[in-house]
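The values are calculated or read from the model by the stated rules, or taken from the named source; none is laboratory data. Values in this document were obtained by computation on a predicted structure and should not be read as measured data. Cβ placement follows ideal geometry from the backbone for every residue including glycine, while neighbour counts extend to all protein chains displayed. These accessible areas exclude ligands, DNA and RNA; they are computed on the full protein's heavy atoms, side chains included. Shrake-Rupley method; radii C 1.70, N 1.55, O 1.52, S 1.80 Å.
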Amino acid sequence: MNKFVLLVEFQVKPDDLTQFMDLVNANAHASVADEPGCLQFDVMQTLDDPCKVVLYEVYASENAFKEHMAMPHTQSFLAAGKPLVSGQ
């Protein structure tokens, strides 16, 4: 079985880190709980820069990832999170 793996890095604005972490953790939880095709969704911060947030996501297939991107919780995260980051 081929899986679809995604690695995403965000540089979060320092003043917005707490809000961003709340949003991304809620999205990660909903993804694993509500999407059978989402096999893993880890949210990590680097030790030297806690504003650098890395997502490691594993999906059963590319289609499962496309379904994830269309989910309301993902769309809400993207809309609310985008202004909180300075780079991706």
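Which value at 222 nm does the chain reach when only helices count, each DSSP H run of 4 or more adding -39,500 (n - 2.57), with the total divided by all residues and rounded to the nearest 500 deg cm²/dmol?
Working: 3 runs with 37 residues, N = 88.
Computed ellipticity for the chain at 222 nm equals -13000 deg cm²/dmol.
Percent of accessible area on the chain owned by carbon and sulfur, 1.4 Å probe? Each step should come with its number before you reach the end.
Numbers: 2930 of 5340 Å².
Ligands and nucleic acids excluded, carbon and sulfur reach 55 percent.
Give the accessible surface of region 1-80 per residue, rounded to a whole number of Å², with probe radius 1.4 Å and ligands, DNA and RNA excluded.
Numbers: 4790 Å² over 80 residues.
About 60 Å² of surface per residue is accessible.
Each residue of region 47-57 in turn: what ³J(HN,Hα) in whole Hz from Karplus with 6.51, -1.76, 1.60 and θ = phi - 60°, glycine and Pro shown as x?
After applying 6.51 cos²θ - 1.76 cosθ + 1.60, I find 5, 7, 8, x, 7, 8, 10, 10, 10, 10, 10 Hz.
Against the longest alpha carbon principal axis of the chain, how many degrees, from 0 to 90 and to the nearest 10, is the axis of helix 17-34 turned?
10 degrees
For Thr74, Thr18, what's the largest-to-smallest order of accessible area, 1.4 Å probe? Walk me through the numbers on the way to the answer.
Numbers: Thr74 5, Thr18 105 Å².
Of Thr74, Thr18, the descending order of accessible area is Thr18, Thr74.
Using +1 at the Cβ of each Lys and Arg and -1 at the Cβ of each Asp and Glu in region 1-66, identify which of Gln19, Met44, Leu6 lies farthest towards the dipole's positive end.
Leu6
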